[in-house]
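Everything on this sheet refers to the single structure shown next.
The values are calculated or read from the model by the stated rules, or taken from the named source; none is laboratory data. Keep in mind that this is a model prediction, so the values were computed, not measured. A quick note on method: Cβ atoms are made from the backbone with ideal geometry, for glycine too, and the neighbour counts reach across all protein chains shown. Protein only, heavy atoms only, side chains kept; ligands, DNA and RNA dropped before computing areas. Shrake-Rupley method; radii C 1.70, N 1.55, O 1.52, S 1.80 Å.
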Amino acid sequence: MHAAGLNPVDFKTRQGMLKVVQRYKLPTVMGNELAGVVEAIGDGVTRFSVGDRVFARVAKDTLGAFADYATIPESLLATMPATLDFETAAGVPLAGLTALQALRDELGLKPGSRVFIPGGAGGVGTFAIQIAKWLGAEVTTTASPRGKALVERLGADVVIDYTTQAFENEVRDMDGVFDLLGGDTLKKSFGVMKPGGKVVSIAGLPEPETARKDLGRGAFLRTLFWFASYGSRVEARKHRVSYRYLFMHPSGAELTELAQLIDDGKLEPVIDRVFSLDEIADAFAYLEAGHAKGKVVVRMVDSPA
C-alpha cells in the first residue's frame with residue numbers, strides 16, 4: 001500500500017450511519033480505495049504480476065485500504081494510469097467509478113444532454129463534470145467563488161454561485177440531475193427538470209431499486225427503503241420525473257476505462273490535500289468540514305515519494 005483515498009462513506013461508516021446496509025465484524029480496518037504495488041498473487045491470477053502498479057475500489061464487505069497491505073480480488077483491480085503518482089491514483093477509484101456509473105449507466109448521458117451537477121468542486125463533482133463533458137453533455141453546476149475557476153477549468157458550461165444565487169431560480173429544463181448534496185438541494189432539484197427526466201443521488205435516501213439492484217437484498221430492505229424515500233419519490237412524481245439512489249459497485253474493468261481517459265488527457269484527478277498516515281485523524285476532520293476542492297488522500301508510512 002502506498003496511498004489511500006478518503007471519502008464521506010468512510011466517516012459515515014465510522015459513525016454507524018450505514019449499519020442497515022453493511023455490518024462489519026469489529027474491530028475492522030477501514031478504507032475504500034487504494035493505490036500500491038502488487039506484492040504477491042494468488043492461484044489463477046493472470047492479469048497482474050508482482051511489481052505492477054495498481055489501484056482499486058476495494059470490496060464493500062471487507063474494506064481494508066487504511067493498512068500496510070490489502071488483499072484485492074483480481075476483478076476489482078486495475079493497472080494505475082502511467083501518468084499518475086500513487087497519491088493521485090488513490091483518489092480516483094471510488095469517486096471516479098461513482099461518477100461514471102451515475103452519468104453513463106443511470107442517467108444515460110449522450111451528446112446534447114443537459115445535466116445539473118450541484119457541488120461540482122468536491123471529490124465526486126470534479127470527476128462528474130469531466131465525465132459528463134466526455135459523454136457530450138452540457139454541464140451546469142454550483143460552486144463558491146473559490147471553486148468557480150476550478151469547475152470552469154474542468155469544463156462546466158454554466159456555474160451558479162451558490163453564495164449569491166438560488167439555483168432553482170436559474171436552472172431549467174435539465175435532462176438529468178446528479179445530486180451530490182442531498183437535503184434541500186435534492187428537493188429543489190426535482191423542479192429544474194424536464195418531464196421524463198431522472199434524478200440520481202448519492203446523498204439522499206435510498207429507494208427500493210437500491211436494495212435490489214445495488215445491494216442484492218430482499219424484501220425487508222426494499223420495504224425499509226420504500227418508506228425512507230417516500231418523500232423524494234412523491235416529489236419526483238409531482239414533477240413527472242424519476243428518482244434513483246445509487247450505491248456504486250467496484251469494477252476493475254470500468255477502472256481501466258478511467259485509467260485510459262486519464263492517460264489520454266481527457267480526465268484530470270483533482271487532489272486537494274495529502275496527509276501522512278499518522279495524520280489520518282486530521283485528514284478526516286478536514287474532509288468532514290466539507291470544504292475540500294477535489295479529493296483528500298493519505299500517504300502510507302514509508303511510501304516512496
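List, please: which pairs have Cβ atoms under 9 Å, are six or more places apart or on different chains, and start with a residue in the stretch 43-57 that is surrounded by fewer than 13 Cβ atoms within 10 Å (Cβ to Cβ) and end with one that is aliphatic (A, V, I, L, M) and part of a loop (DSSP other than H, G, I, E, B)?
49/38; 49/41; 50/38; 50/40; 50/41; 51/38
Taking the stretch 227-245 as the search range and keeping residues that are closer than 26 Å to residue 116 by Cβ, out of contact with any Ser or Thr (no Cβ under 7 Å at 6 or more places or on another chain) and of a type in the set (A, V, I, L, M, F, W, C), which one is surrounded by the fewest Cβ atoms within 10 Å (Cβ to Cβ)?
Restricting to residues being closer than 26 Å to residue 116 by Cβ, out of contact with any Ser or Thr (no Cβ under 7 Å at 6 or more places or on another chain) and of a type in the set (A, V, I, L, M, F, W, C), the top hit is 234.
How many residues, within the stretch 141-156, are within 18 Å of the chain's Cα centre (by Cα) and among the polar types (S, T, N, Q)?
Residues in the stretch 141-156 being within 18 Å of the chain's Cα centre (by Cα) and among the polar types (S, T, N, Q): 2 in total.
Output the number of the condition that residue 181 fails; it satisfies all remaining conditions of (1) open to solvent by less than 30 Å² (accessible area, probe 1.4 Å); (2) of a type outside the set (Ser, Thr, Tyr); (3) touching a residue at least 60 places away in the same chain (Cβ under 8 Å).
(1)
Would you pick out the residues in the stretch 133-175 that are in contact with a Pro (Cβ under 7 Å, 6 or more places away or on another chain) and either closer than 18 Å to residue 194 by Cβ or surrounded by 14 or more Cβ atoms within 10 Å (Cβ to Cβ) (or both)? Before you say what the answer is, go through the steps one by one.
To start, the set of residues in the stretch 133-175 that are in contact with a Pro (Cβ under 7 Å, 6 or more places away or on another chain) comprises 136, 141-142, 161, 163, 167.
136, 141, 142, 161, 167, listed by residue number.
Restricting attention to helices (runs of 4 or more DSSP H) lying wholly within the stretch 188-279, give those where 3 or more residues are under 17 Å from the mean Cα position of the chain (by Cα) and under 30 Å from residue 88 (Cβ atoms). Quick ask: steps written out before the conclusion?
Working: elements: 219-228, 230-238, 252-263.
Of the helices (runs of 4 or more DSSP H) lying wholly inside the stretch 188-279, those with at least 3 residues that are under 17 Å from the mean Cα position of the chain (by Cα) and under 30 Å from residue 88 (Cβ atoms) span 252-263.
Any residue in the stretch 217-232 that is without any contact (Cβ under 8 Å) to a residue 40 or more places away in the chain and under 20 Å from residue 177 (Cα atoms) sitting within a Cβ distance under 7 Å of a residue that is charged (D, E, K, R) and in a loop (DSSP other than H, G, I, E, B)? List the pairs, counting only those 6 or more apart or interchain.
Listed pairs, sorted by first residue: 229/207.
From the residues in the stretch 184-204 that are in contact with a helix residue (DSSP H, G or I) (Cβ under 9 Å, 6 or more places away or on another chain) and open to solvent by 60 Å² or more (accessible area, probe 1.4 Å), which one is farthest from residue 145 (Cα to Cα)?
Checked the stretch 184-204; the qualifying residue farthest from residue 145 (Cα to Cα) is 187.
Quick check on the stretch 63-72. Is at least one of its residues closer than 28 Å to residue 209 by Cα, out of contact with any Cys (no Cβ under 6 Å at 6 or more places or on another chain) and of a type in the set (Ser, Thr, Tyr)? Before the answer, list the steps.
Initially, the stretch 63-72 is screened for residues closer than 28 Å to residue 209 by Cα, giving 63-64, 72.
Restricting the remaining residues to those that are out of contact with any Cys (no Cβ under 6 Å at 6 or more places or on another chain) gives 63-64, 72.
Restricting the remaining residues to those that are of a type in the set (Ser, Thr, Tyr) gives none.
No, every residue in the stretch 63-72 fails to be closer than 28 Å to residue 209 by Cα, out of contact with any Cys (no Cβ under 6 Å at 6 or more places or on another chain) and of a type in the set (Ser, Thr, Tyr).
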